Amino acid sequence: MIKAGIIGATGYAGEELVRILLQHREAEIIWYGSRSYIEQKYADVYRNFFQVVEESCLDDNMDELCKQVDVIFTATPQGYLAGMINEQILSNAKVIDLSADFRIKDVKVYEEWYKINHKSPQYIYEAVYGLCEINREQIRGARLIANPGCYTTCSILTLYPLVKEGIIDENSIIVDAKSGTTGAGRGAKVNNLFCEVNENIKAYGVLTHRHTPEIEEQLSYACSGNIKMIFTPHLVPMNRGILVTAYADLKKEASYEEVRAAYDKYYEKEKFVRVLEKDVYPETRYVQGSNYVDVNFKLDMRTHRVVAMGALDNVVKGAAGQAVQNMNLIFGLPEDEGLTQLPMCF
């Protein structure tokens with residue numbers, strides 16, 4: 001049985017980790033870490049766990065935690081893990097970080113976009129970018145995983161076959177993305193209040209969103225290039241979900257069958273990436289509560305472009321579900337263990 005500890009267990013991603021791990025046959029949670037709720041019963045924070053979780057929240061002492069568990073999940077703000085990580089922790093436990101601290105390999109790029117100094121740059125190159133469908137073999141046996149962002153996961157998986165197979169001009173990519181409010185975290189912010197979000201949709205982080213360099217870097221690996229793209233996120237009045245609509249110029253004439261073959265090449269055997277049937281487009285409700293990503297595309301011969309689309313649940317495949325998928329790979333378990341929940345639809 002894998003012993004797991006969660007730092008940041010009372011955030012949205014942390015709560016989802018708890019929900020998933022409690023249904024995992026090979027894992028048990030022994031540390032519910034939350035600096036804000038120390039000594040309070042976890043089920044008093046999230047009443048859905050009444051008579052399910054009896055434990056109280058503990059602190060975020062990772063030096064002690066690493067001696068008691070096999071894996072630590074850090075569902076924490078940017079900069080936290082970089083300020084805490086050390087060789088003792090990594091020698092005692094695997095660490096799966098849901099923040100951006102180790103996702104970007106160029107520390108200068110990280111500091112430019114996140115506006116904080118990186119306190120542990122010596123671990124950046126060791127950290128494996130935990131997008132399981134692409135980096136599966138590197139993830140196995142790794143001791144530090146940089147769990148990808150939600151926008152990033154959806155954008156990369158939507159575009160990866162097109163970039164990898166050289167179907168599109170990689171520097172013509174424009175990504176238009178929509179997210180539910182859980183993507184902004186559980187902290188109290190005026191912009192996320194009900195009256196601010198309800199009956200409203202807005203762009204934010206225009207040309208400055210922190211997931212931009214992460215998407216660029218990972219897609220650049222796919223084409224051995226140096227991609228620059230436009231990424232514009234939007235906040236929509238729903239709890240969960242990411243919908244990506246991406247546009248790019250075709251490098252050459254391509255038929256539906258040729259492009260579909262590219263998607264099937266990379267995703268036909270993937271458990272959690274579903275390539276939809278022709279002219280059926282991803283919707284957030286059909287992946288809600290699940291670890292699935294739905295993707296599809298549409299060719300526009302009139303403008304010589306392709307429209308690629310993807311949808312996922314931002315707190316499952318975009319955060320906690322992907323983290324557990326990474327854990328399964330590290331410990332040699334079936335990749336879908338604990339992740340077989342079907343989409344909730346409504």
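Among the conditions (1) at negative phi; (2) modelled with pLDDT of 95 or more, Gly338 misses just one, which is (1).
If I ask for residues that are more than 12 Å from Val306 (Cβ to Cβ) and touching a residue at least 60 places away in the same chain (Cβ under 8 Å), which ones from the stretch 253-274 would you list? Within the stretch 253-274, Lys265, Tyr266, Tyr267, Glu270, Lys271, Phe272, Val273 meet the criteria.
Each residue in the stretch 1-47 was checked for being charged (D, E, K, R) and within 21 Å of the chain's Cα centre (by Cα), and 3 of them qualify.
The single residue among Pro282, Pro334, Pro343 that is of a type outside the set (A, V, I, L, M, F, W, C), surrounded by fewer than 22 Cβ atoms within 10 Å (Cβ to Cβ), part of a loop (DSSP other than H, G, I, E, B) and touching a residue at least 12 places away in the same chain (Cβ under 8 Å) turns out to be Pro343. Screening Glu216 on (1) in a helix (DSSP H, G or I); (2) out of contact with any helix residue (DSSP H, G or I) (no Cβ under 8 Å at 6 or more places or on another chain); (3) at pLDDT below 95 shows it passes everything except condition (3). Determine which member of the set Gly187, Gly166 is assigned by TED's automatic domain parsing to the domain that holds Leu276, more than 26 Å from Gly8 (Cα to Cα) and either assigned to a loop (DSSP other than H, G, I, E, B) or touching a residue at least 40 places away in the same chain (Cβ under 8 Å) (or both). Every option except Gly166 fails the conditions. The set of residues in the stretch 136-151 being crowded, with 24+ Cβ neighbours inside 10 Å and closer than 21 Å to Ile85 by Cβ consists of Ile145, Ala146, Asn147, Pro148, Gly149. Scan the stretch 219-274 for residues that are in a loop (DSSP other than H, G, I, E, B) and among the β-branched types (Val, Ile, Thr) and the total you get is 2. Within the bounds of the stretch 90-102, is there any residue that is within 21 Å of Glu270 (Cβ to Cβ) and not small (Gly, Ala, Ser)? So far as the stretch 90-102 goes, yes, one or more of its residues are within 21 Å of Glu270 (Cβ to Cβ) and not small (Gly, Ala, Ser). Listed conditions (1) surrounded by fewer than 19 Cβ atoms within 10 Å (Cβ to Cβ); (2) in contact with a Ser or Thr (Cβ under 9 Å, 6 or more places away or on another chain); (3) within 14 Å of Val109 (Cβ to Cβ) are all met by Ser220, apart from (2).
Within the group Thr153, Thr212, which residue is under 28 Å from Ile96 (Cα atoms), among the polar types (S, T, N, Q) and within 13 Å of the chain's Cα centre (by Cα)?
Working: Thr212 fails: within 13 Å of the chain's Cα centre (by Cα).
On inspection, the qualifying residue turns out to be Thr153.
Being at pLDDT 95 or above, surrounded by fewer than 16 Cβ atoms within 10 Å (Cβ to Cβ), in a helix (DSSP H, G or I) and under 25 Å from the mean Cα position of the chain (by Cα) is a property that does not hold for Lys317. Total residues in the stretch 98-135 satisfying the condition of being buried (at least 21 other Cβ atoms within 10 Å of the Cβ) and polar (S, T, N, Q): the figure is 1.
Only residues that are small (Gly, Ala, Ser) and within 14 Å of Ile20 (Cα to Cα) were counted across the stretch 294-346, and they come to 6. For the stretch 152-179, the candidate set comprises residues that are in contact with a His (Cβ under 9 Å, 6 or more places away or on another chain) and within 30 Å of Ser255 (Cβ to Cβ); within that set, the residue that is surrounded by the fewest Cβ atoms within 10 Å (Cβ to Cβ) is Asp176.
Could you look through the stretch 236-270, keep only residues that are touching a helix residue (DSSP H, G or I) at 6+ places or on another chain (Cβ under 6 Å) and among the charged types (D, E, K, R), and pick out the one that is modelled with the lowest pLDDT? Among them, the one singled out is Arg240.
Taking the residues in the stretch 285-303 that are in a loop (DSSP other than H, G, I, E, B) and β-branched (Val, Ile, Thr) as candidates, determine which candidate is surrounded by the most Cβ atoms within 10 Å (Cβ to Cβ).
Checking each candidate, the answer is Val287.
The values are calculated or read from the model by the stated rules, or taken from the named source; none is laboratory data. Please read these numbers as outputs of a predicted model, since none were measured by experiment. Cβ atoms come from the backbone with ideal geometry, glycine included; neighbour counts cover every protein chain shown.
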